[in-house]
Amino acid sequence: MKEILVLAALLLASPGAWAQHAAQELDFVPPAPGTYELQHILRAPEGTVLDGEGEAKRFSRFTTGRITVLSLIYTRCGDGRGCPLASYMLKSLKARIDKRGGWSDLLRFVSLSFDPDHDTPAVMRAYGGGYAPDRIGLPWHFLTTRSHRELRLLLDGFGQDVWMPADPSAPATGPLPHVLKIFLIDRHGSIREIYTTSFLQPQMVLNDIETLLLEDGARLD
Amino acid sequence: METSKTHAAAWLGALVLCATSLAAADETCNSPYIGNLIKGQEDYLYVWALGEKGLGDGSDKLVTIDAKPGSAKYGKVIHKVSVGSRGEAHHMGLTDDRRFLWAGGLDDSKIYVFDIAKDPGRPRLVKTIADLPAKTGYVGPHTFYALPGRMLVQALSNSKDHGGVTGMAVYNTKGELVTTYAMPTDNGGDGYGYDVAVNPQKNVLLTSSFAGWNNYMMDFGKLVKDPEAMKRFGSTMVVWDLKAMKPTKILSVPGAPLEIRWSLKQGDNWAVTATALTSKIWLIKQDASGDWQGQAVADIGDPAKIPLPVDISISADGKGLWVNTFMDGKTRYFDLSNPAKPVQAYEKVTGKQVNMISQSWDGKRVYVSSSLLANWDKKGADNEQFVRAFNWNGKELTPAFEVDFLEQKLGRAHHMKLGSKALKTAFNDAVQR
């Protein structure tokens, strides 16, 4: 119950930061979809994850077959410009994509926790319920891992940092500082773009998704 | 204990890991994608030093100096990692998460990756990339600039003729080559490269231009007497569409424009550079129509005397600029309150030869190193090799500590980066759980 209350508090507290960030208009005209190339940066790592029901699954089930937008998060994150920002941006993108129609069957979102001690499948399920309660349209998976060992393989694969608290005596429930990163993965499991806060503009993400869809030969009427 | 708490608080205050904007200052001159800038007191100064034959092991090495006032080893070398060869060590760059420090050799074109996160006081060499020329055709990896999950490497030369036509290479975090981008040779481009700097808010990458291997490896006295060689210096800057990585405009900037520093003030739309051969500060700015323009806005010393401006460092508020001039050994401070009219406000001779300059985020500490290039450094008694730390009170530089790189058989001191002991990664010891 306490965890649900914390989640509720985060959900209520964060929209301001998100709205502020989203309101920042692009200070440039982005290149049109399909007029630029997204490089093959890295292969998405393989590993084992737990889905919202606690079932162990190969991670590649969530990084191949569709274009994937993946966010590495932890649900306790209280930085309004951190994990909540990432999740709110995905929520906003999902609404735009579902409203647009035609893309929902070609894409998926994934939020993967790097705090397995706290973020159990049940916690991730509750967290996901806050951001994607209707379970319709574009699928959004909220995943965690069984252990630090399995998590470490995925973090290393993505090149995602997580830092020690500045105060070593801080409780294990303290913050997990990290550089916010969101990954755009093509349907073959290749990471094609990485967004950090400075780069996190919804229109740019949509343009990049459309660029990958065009690359796949999709008709974008 | 109180000091420790203060330090931790200062660092935590700077720990905007999840929320970076265009705010990056050496500490003020890092990529804007580096989120965890050290805004409090740094603990370490990392120095990438060129090996010198007959001095110590003669190899290039990463030297770590204790830079924390009050520490028992303050101002002392506490660690060094030799790479086992001499390849003209030059510049370094931090990855976006600050876990790794990439460093390059201009002669052997090797790239070294040091882990500075597991034990920040004892960097470890974890990877060597030795196939840059073979895979890209480029020679002389110079600038290492963090992009999200990637490292953008600007080369200076090419393996075909060792001239100045070159390009950029992008590597992923595993050190694998992702792609390359040639410097433009059409529409006025000279194809040369030197520094790179990004303004994400404008979707702009700026690049500058220097010289190829034939020039930077030539003896300096011989070079200046070779009129043909003296023609082979860069005279352009390139404005790129960052997202598309396509050049959009070539700016004519004669005299080898070197380091590029964007103003770090939110919303500012300008950068500055210094031209080595013509000794001028240039302002790169959007005009009223949004078009990028370059303009010489100030002399650095007396250009007729060729003081040879080298490194520059902009203050976090964008209102001041340090400029080192190699030939006269001066460290100069320019008031940038009006970037269109910089005014020199201070100067001090900080060595017989000075090259790189790095300042802390708060601007209170300034570090100066001595070496430009092995074959360009002065000879005899003028060939001082050092790192000198100064305190800056806004009016005067006062010495804090000095490390003599010749006396300690470390080589020639070149690029410097700051480090913090608070920056340690999680999960290193918890992986078994």
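The values are calculated or read from the model by the stated rules, or taken from the named source; none is laboratory data. Remember, predicted model here, so these are calculated numbers, not experimental data. Reconstructed Cβ throughout: ideal geometry from the backbone, glycine too, with neighbour counts over all protein chains shown. The area values use the complete protein model at the heavy-atom level, side chains included, leaving out ligands, DNA and RNA. Shrake-Rupley method; radii C 1.70, N 1.55, O 1.52, S 1.80 Å.
Among all the lysines, which ones have a C-alpha under 21 Å from B:Lys73's C-alpha, if same-chain residues fewer than 8 places away are not counted?
B:Lys5, B:Lys61, B:Lys118, B:Lys364, B:Lys409, B:Lys417, B:Lys421, B:Lys424
Using alpha-carbon pairs under 8 Å, 6+ residues apart, how would you state the relative contact order of the stretch B:183-316 in percent?
18
Output the residues of the stretch B:199-228 meeting this criterion: accessible area (heavy atoms, 1.4 Å probe) in the chain alone minus accessible area with all protein chains in place is 30 Å² or greater.
At a threshold of 30 Å² (probe 1.4 Å), the residues of the stretch B:199-228 that become less exposed are B:Pro200, B:Gln201, B:Lys202, B:Asn203.
Could you look at the protein assembly as shown and say what percent of its accessible area is carbon and sulfur, using a 1.4 Å probe and all protein chains?
Ligands and nucleic acids excluded, carbon and sulfur reach 52 percent.
When you look at the Cβ of every residue in A:174-182, what mean number of other chain Cβ atoms sits within 10 Å?
Partner Cβ neighbours, averaged per residue: 6.
Would you mind giving the total buried accessible surface between chains A and B, with a 1.4 Å probe and ligands, DNA and RNA left out, rounded to the nearest 100 Å²?
3900
What does the structure give for B:59-66 when I average, per residue, the other chain Cβ atoms found within 10 Å of the residue Cβ?
Mean partner shielding for this stretch: 0.
Taking the C-alpha atoms of chain B, how large are the radius of gyration and the largest Cα-Cα span, Dmax, in Å?
19.9, 66
Step through the residues of the stretch B:132-145 one at a time and calculate ³J(HN,Hα) from phi using the Karplus curve (6.51 cos²θ - 1.76 cosθ + 1.60, θ = phi - 60°), rounding each to whole Hz and writing x for Gly and Pro.
Karplus values, whole Hz, x for Gly and Pro: 4, x, 5, 8, 10, x, 9, 10, x, x, 9, 9, 10, 10.
Choose one of B:Ala103, B:Met230, B:Thr166: the residue whose Cα lies farthest towards the positive end of the charge dipole of the protein assembly as shown (beta-carbon charges +1 Lys, Arg; -1 Asp, Glu; about the Cα centre).
B:Ala103
List, in order, the whole-Hz ³J(HN,Hα) value for each residue of the stretch B:367-381 obtained from phi through the Karplus relation with A = 6.51, B = -1.76, C = 1.60 and θ = phi - 60°; use x for Gly and Pro.
10, 10, 10, 9, 8, 9, 8, 4, 8, 10, 4, 5, 9, x, 5
What net charge is computed for the residues neighbouring B:Asp108, neighbours being all others with C-beta under 13 Å from the C-beta of B:Asp108, Lys and Arg scored +1, Asp and Glu -1?
-2
Sequence gap at least 6, Cα distance under 8 Å: using those rules, report the relative contact order of the stretch A:84-219 to the nearest whole percent.
19 percent.
Given the rule -39500 (n - 2.57) for each run of at least 4 DSSP H residues, summed and divided by the residues of chain B, what is its mean residue ellipticity at 222 nm, to the nearest 500 deg cm²/dmol? Present the calculation step by step, with values, prior to reporting the outcome.
Details: 5 runs with 32 residues, N = 433.
So the helix-based figure for chain B works out to -1500 deg cm²/dmol.
Report, in listed order, any pair from B:Lys202/B:Lys249; B:Lys39/B:Lys319; B:Lys39/B:Lys68; A:Lys91/A:Lys181; B:Lys231/B:Lys348 with a Cα-Cα distance greater than 21 Å.
As for pairs spanning more than 21 Å Cα to Cα, those are B:Lys231/B:Lys348.
May I ask you to list the aspartates and glutamates whose Cα is less than 20 Å away from that of B:Lys352, ignoring any residue fewer than eight positions away on the same chain?
Within the straight-line cut-off, B:Lys352 pairs with B:Glu52, B:Asp219, B:Asp302, B:Asp311, B:Asp328, B:Asp377, B:Asp382, B:Glu384, B:Glu396, B:Glu402, B:Asp404, B:Glu407.
Please compute the per residue accessible area over the stretch A:87-221 with all protein chains in place, 1.4 Å probe, rounded to a whole number of Å². Before the final figure, lay out the partial values.
Values: 5000 Å² over 135 residues.
Dividing the accessible area of the stretch A:87-221 by its residue count gives 37 Å².
From the phi angles alone, apply the Karplus equation (6.51, -1.76, 1.60; θ = phi - 60°) to the stretch B:71-76 and give each ³J(HN,Hα) in whole Hz, x where the residue is Gly or Pro.
Computed from phi, the couplings for the stretch B:71-76 are 5, 4, 10, 4, x, 10 Hz.
Averaged per residue, what accessible surface does chain B expose to a 1.4 Å probe, in Å²?
So chain B comes to 35 Å² accessible per residue, rounded to a whole number.
Could you please put B:Arg86, B:Arg99 in sequence from largest to smallest accessible area, using a 1.4 Å probe?
Values: B:Arg86 115, B:Arg99 35 Å².
Correct descending sequence by accessible area is B:Arg86, B:Arg99.
Ranked by accessible surface with a 1.4 Å probe, highest first, in what order do B:Met245, B:Met327 come?
The ranking, largest first, comes out as B:Met327, B:Met245.
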